[in-house]
Each structure stands twice: as structure tokens, then as C-alpha cells.
Amino acid sequence: MKKVYIETMGCQMNKSDSERMFGMLSHFDYEQTQDAKEADLVMVNTCSIRQLSEDKAFSLIGVWGQWKKTVKPDLKIGFCGCVAQQKMKEVFRRAPYVDFVLGTHKIYSLPEIIKKINAGERVLECEETHKTEDAKAANFEINRVQGVNAWIPITEGCNNFCTYCIVPYTRGRERSRTPEIIIKEAKDAISAGFKEITLLGQNVDSYGKDFATKSKDEASDSQANNETNPLENYRLAQLLRDLNAIEGNFRIRFVTSYPTDITDELIDTVVELDKVCEYFHIPMQSGSSEVLKKMNRRYNRETYAKIVKKVRAKVPDVTITSDFIAGFPGETEEQFEETLTAIDEFELDYSNTAAYSPREKTVAAKWVDKFIAEEVKTERLARLNEKVRENCLKSNKKYVGRTMEVLIENFENHKGTNVITGRTRNNKIVHIPHDTNLTGEFVNAKITGTKTWYLQGELV
Ligand code: SAH
Ligand code: SF4
Ligand code: F3S
């Protein structure tokens, strides 16, 4: 057996792609190792969302290139993921020690690539535009990271073109995977012992919109035969119903929601279905309507407020988390403060934050004269993080004294005390002192206290 190491950067979509790549490689006598130094094949699955993540990927392959030059001449190196998709030719030309470059649109060609590189070739495997076969071929075997939660991508790509964001360029247009494939993957994960499935997509709540506008050929075929398209109205709510019907004790989550794509039907479905958890990740990006407009987000502060209020009114104990960018080009101090007030006003439980990073090809990257100075961005990001911290603690305090169902994910020793750690249905982390490993079990915990990022509890 040869050994393969994959360093995964970026979002869950990349993590899920890495699991699929491990799955494909297991058929080529490769076993997974956690130590890059003992690997015969090292791969990096890259992220381009910010300059920092891109720089990390390049410095990592630089290190691997050195190993190859000095101590491991037979080492094979692969460069995959979003940076590969975007800078494929440049990487191939400038890093001669890289054996293959594999973009996000063609991960299913990994087996072919492995044959070629083992025969001594260098391979550049990227497509500039996405072909529909990819979605069909997406039924690969998966070597999931062991644990409690299984990621299942349901859509890939994005049609929104927010002016700061590179994802539409690295992942292509939005494509939904068929319900059959998703349901099969979910059933497999549950029978393999996973206790939670998380449906993934850049915008999960637009799942299925592309079923109604399938390729022209397919559409005219079905018209000729007078057929109706059975998936025409199949959306996330229906998928959740079908997944909820799978037998077993498990939870269902979905991320990420685009605010204006959250339908009433979806909210009602979350309330109605017992396995679907009370948790929405709804990135707002900025609290200022003017900034949102410049970001090309299709809502303003008021519409976001309405959506969040509706979700809170209908879904008891719901957790709502968000993403925010500090220092978008042209953002004034007042506009930035609107982001801080939004976090308070909408009682956002937690938010991911980042300083704006200009990305090649995107619209906002051209507004150089409006760029905010680095030190101002850093200072705003720090204030933003402080606000996030404050609100997380505030929201956690609501649960002190309550008894909540916790799915245990971890067993660790914290400074001499054994602790089991898990999540509530509404995605709050709970630490419980306990001497046996209950990973994978659902327990009831009484919440006795809280720290900033997690609740403290005891078993009942
Ligand atoms: N589809 C999701 C976001 C995916 S990208 C949505 O629409 O909300 C994940 C997060 O990265 C974004 O929510 C945004 O906050 C951040 N991000 C994206 N591009 C960025 C950039 N150029 N600079 C800083 N943060 C960025
Ligand atoms: Fe990026 Fe906007 Fe698409 Fe989200 S919706 S992935 S932020 S372009
Ligand atoms: Fe990064 Fe690509 Fe995900 S750019 S955030 S790994 S879709």
C-alpha cells in the first residue's frame, strides 16, 4: 500500500471533496496517512476566499517541493481545489515539482490522473467551464472522516456574483445533485453509524431551482413525449421531508442559507420535521443597506430583519448565525457601526468575520481608490469580533438552567478532568464532565453555566 496525505483548506465543500478523493484513491492501493512526511503522494485542497488562504497553499507546496528536491525524489505532489481551478496554468508553469493540478470541476478524473503520474507524466486537469456530466458522475465512493457528522453536498457553485466573492469563478454555476444520489448517500452514512447529516451548498435554499431549467435537449425531449418533469418543483423542503423519513435516530442540518431564498415552506418544514435541527446560518455580510447594495446582495437591512424575525417567531429556540466582512471598499465608520448594531438588533448567536480581501476577477477588487487602509480594517475587525463575543455569551446565558439534548462528538481530558463535548439541536457546544466516552450518543444535559463559546452542563 502507498500512502496519501491531503491537506484540506477552506470550507466544508472542500472537506467533502477531500473525502471523495480519498474514496477514489482507496481503489488505487493508497491508504490515508495523517503525517505528510511518510506519504508517497501529498495533495493540497486549496481555498481562494482570501489572500491569506491562497498564500498558505503556495507556501505549503513550496515546502513539499523542497522535500522532493532534497530527500524524497519520488514524492508525488498534487495541487487541487479552488486556487487550482482559478490559477491552473500559472501553477503548472511556475511549480515544476507539482505532478498534477486538478480543478474543482473535474475531481472525478483523479483515478486517470493517478495512472498518468505514476507512469511519469505531469497532468493539468482543469475545465474552464462546468459540464453537466460532472453532476451525474458525482456518485462516487466516499471515505468519510470518522466521527458523528457526515457532510453531503446537495448543490455546488453559485449564481449570485456578490462583488467581493470568488466562489462563482472557482465553483462555477449552481448545479443541484439529484435527490436519489443524496438520499442514497444519507442512507449509507446512517447505516455506517453517523448520527448527523449536514447538507452542504453555497446556497442550500436555492436547491433544485435548476431542475426546472434543465438542458434544452432534455426539455424538448420531454415536451415531445408530453412528459412532465417530476423534479420541477422539488426543492429543499421536499428533500428534507424525504431525508426525515429515513429510519433511525439522527439529526439533519443544512448550510448555508441565502437570506432571500428562505421560503415560508422551508421554515415550516424545519418546525414540522423531528430530525431537522433548529439552526439557520444566514450570512448578512454588512448591516448597512448601502454597503449591501455595493456588495450586490439582493436584500437590505429591513428585508434581512424581516426574515430573521420570521424565523425566530416560527422556530422555538432557533440559533441564527451569520457572516460579516469588515472594511469592504468605501465602507464608512457609520456604515461599519451599522454592522455592530445589526448583531445586537437581530440577536445573532454567532458570526464568522473577516477583513475584506480583494480577489482577482471580482468587481470590488477594481475599486482600488475606495480600499480601506489595512490598519482601519484590522481595527474594525477587532471591534466586530468583540461584538460577536459579547452576543455569543448573551445568547448562551438564555439556556442556563434548561435541560437540552446533546449529541456527543468528543471525549477529552481538560487539565485533569475528563470531559465529553457535543452539540445541542440548535448547535450550541456543551462541555460535560464525565469519565466514559459517549461519542455518538444522545444524552440529556442540564445547563449549569456558560463560557463565551460554549455551555457547561451535567448529565441528567
Ligand atoms: N454563500 C455564502 C458564503 C460563502 S463564502 C453566502 O452567500 O453568504 C464564506 C464567507 O467568506 C462569506 O460569507 C464572506 O463573509 C467571506 N468572504 C467571501 N469573500 C470574501 C472576501 N473577498 N474578503 C473577505 N471575506 C470574504
Ligand atoms: Fe459568494 Fe455571494 Fe455566492 Fe455566497 S452568494 S458564494 S458570497 S457569490
Ligand atoms: Fe474556499 Fe472554495 Fe470553499 S474558495 S470557501 S474552498 S468554495
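The values are calculated or read from the model by the stated rules, or taken from the named source; none is laboratory data. Treat the numbers as computed from the prediction; the structure is a model and nothing was measured. We place every Cβ from the backbone using ideal geometry, glycine too, and count neighbours over all the protein chains shown.
Would you confirm, using the coordinates I've provided, whether residue 321 is touching a His at 6+ places or on another chain (Cβ under 7 Å) and either within 30 Å of residue 243 (Cα to Cα) or crowded, with 21+ Cβ neighbours inside 10 Å (or both)? It would help to see each step written out before you state the result.
On the way: touching a His at 6+ places or on another chain (Cβ under 7 Å): yes; either within 30 Å of residue 243 (Cα to Cα) or crowded, with 21+ Cβ neighbours inside 10 Å (or both): yes.
Considered against the rule, which asks whether it is touching a His at 6+ places or on another chain (Cβ under 7 Å) and either within 30 Å of residue 243 (Cα to Cα) or crowded, with 21+ Cβ neighbours inside 10 Å (or both), residue 321 comes out as yes.
When the residues of the stretch 145-179 are narrowed to those that are of a type in the set (D, E, K, R) and closer than 19 Å to residue 283 by Cβ, which ends up farthest from ligand 2 (Cβ to nearest atom)? Write out each step before concluding.
We begin by selecting, within the stretch 145-179, every residue of a type in the set (D, E, K, R); these are 156, 171, 173-175, 177.
Applying the additional criterion that residues be closer than 19 Å to residue 283 by Cβ yields 156, 171, 174.
On the way: 156: 11, 171: 8, 174: 9 Å.
So, considering only residues that are of a type in the set (D, E, K, R) and closer than 19 Å to residue 283 by Cβ, the one farthest from ligand 2 (Cβ to nearest atom) is 156.
Would a scan of the stretch 126-144 turn up a residue that is within 16 Å of ligand 2 (Cβ to nearest atom) and either modelled with pLDDT under 75 or aromatic (Phe, Trp, Tyr) (or both)?
The first filter runs over the stretch 126-144 and keeps only residues within 16 Å of ligand 2 (Cβ to nearest atom), leaving 130.
With either modelled with pLDDT under 75 or aromatic (Phe, Trp, Tyr) (or both) added as a condition, the list becomes 130.
The answer is yes; a qualifying residue exists.
Would you check if residue 437 is under 24 Å from residue 280 (Cβ atoms) and in a loop (DSSP other than H, G, I, E, B)?
Taking the combined requirement at face value, the residue does not satisfy it.
Is it the case, given these coordinates, that residue 263 is outside the structural domain of residue 83 (by TED's automatic domain parsing) and either more than 10 Å from ligand 1 (Cβ to nearest atom) or in contact with a Cys (Cβ under 6 Å, 6 or more places away or on another chain) (or both)? Even if it seems obvious, please write down each step before you answer.
Numbers: outside the structural domain of residue 83 (by TED's automatic domain parsing): yes; either more than 10 Å from ligand 1 (Cβ to nearest atom) or in contact with a Cys (Cβ under 6 Å, 6 or more places away or on another chain) (or both): yes.
Yes; evaluated as a whole, the condition is true for this residue.
Mind listing just one residue for me: the one in the stretch 165-186 that is touching a residue at least 12 places away in the same chain (Cβ under 8 Å) and within 12 Å of ligand 3 (Cβ to nearest atom) and, of those, surrounded by the fewest Cβ atoms within 10 Å (Cβ to Cβ)?
Per the stated criteria, the residue is 169.
Can you say whether residue 340 is in the same structural domain as residue 382 (by TED's automatic domain parsing), part of a helix (DSSP H, G or I) and either free of Cβ contacts under 8 Å to residues at least 12 places away in the same chain or within 16 Å of ligand 2 (Cβ to nearest atom) (or both), as far as the supplied structure shows? I'd like the intermediate steps shown before the answer.
Numbers: in the same structural domain as residue 382 (by TED's automatic domain parsing): yes; part of a helix (DSSP H, G or I): yes; either free of Cβ contacts under 8 Å to residues at least 12 places away in the same chain or within 16 Å of ligand 2 (Cβ to nearest atom) (or both): no.
In short, no.
What about residue 313, is it of a type in the set (Gly, Ala, Ser) and either crowded, with 16+ Cβ neighbours inside 10 Å or part of a strand (DSSP E or B) (or both)?
Criteria not met by residue 313.
Can you name the condition, by its number, that residue 413 falls short on among (1) outside any helix (DSSP H, G or I); (2) in contact with a Ser or Thr (Cβ under 9 Å, 6 or more places away or on another chain)?
Status for residue 413: all satisfied but (2).
Residue 379: more than 29 Å from residue 278 (Cα to Cα) and more than 16 Å from ligand 3 (Cβ to nearest atom), yes or no? Steps first, please.
Numbers: more than 29 Å from residue 278 (Cα to Cα): yes; more than 16 Å from ligand 3 (Cβ to nearest atom): yes.
In short, yes.
Under the condition of being among the small types (Gly, Ala, Ser) and within 18 Å of residue 151 (Cα to Cα), which residue from the stretch 238-288 is farthest from ligand 3 (Cβ to nearest atom)?
Our first condition is that a residue be among the small types (Gly, Ala, Ser); within the stretch 238-288, this holds for 245, 248, 257, 286-288.
Now restrict to residues that are within 18 Å of residue 151 (Cα to Cα): 248, 257.
Details: 248: 30, 257: 16 Å.
The extreme case among them is 248.
Kindly indicate which of 83, 91 is within 16 Å of ligand 2 (Cβ to nearest atom) and in a helix (DSSP H, G or I). I'd like the intermediate steps shown before the answer.
Numbers: 91 fails: within 16 Å of ligand 2 (Cβ to nearest atom).
One residue alone meets the criteria, 83.
What is the residue count in the stretch 354-405 for residues that are over 30 Å from residue 441 (Cα atoms), over 26 Å from the mean Cα position of the chain (by Cα) and not in a helix (DSSP H, G or I)? Please lay out each step first, then the result.
Applying the first criterion (over 30 Å from residue 441 (Cα atoms)) to the stretch 354-405 yields 354-388, 390.
With over 26 Å from the mean Cα position of the chain (by Cα) added as a condition, the list becomes 366-376, 379.
In the following step, the residues that additionally are not in a helix (DSSP H, G or I) were identified as 367, 371-373.
Count: 4.
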